[in-house]
Amino acid sequence: MNLQEFEAQYREAMAETLNELQTAVLLLAQVQQKISNIGSSIQTLSERVEDFIANQNAE
């Protein structure tokens, strides 16, 4: 392997690795958004259950 082949392989490996890193970062952002959405849903559900229980106890 000469220097040009080594450099080409290095550049290709670096580009692939950076693409994989970018994909991972985008996936992480999606996961964070999904976790936030789930948290909001749980909070809403919890509030509804608390309201229901309070109404049942008031009757």
If you place +1 on the Cβ of every Lys and Arg, -1 on the Cβ of every Asp and Glu, and leave all else neutral, what size is the dipole of the chain about its Cα centre, to the nearest 20 Debye?
80
Modelled label-to-label distance, T23 and S40, 7 Å Cα→beta-carbon offset: nm?
2.9
Pop out the carbon and sulfur fraction of the accessible area of the chain as a percent, whole number, probe 1.4 Å.
58
Over the chain, average the accessible area per residue using a 1.4 Å probe and give it in Å², no decimals.
96
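The values are calculated or read from the model by the stated rules, or taken from the named source; none is laboratory data. Everything numeric in this text was worked out from a predicted model, so none of it was measured. As a convention, Cβ positions derive from the backbone with ideal geometry for all residues, glycine included, and neighbour counts pool all protein chains shown. Areas reflect the complete protein model, heavy atoms only, side chains present, ligands, DNA and RNA absent. Shrake-Rupley method; radii C 1.70, N 1.55, O 1.52, S 1.80 Å.
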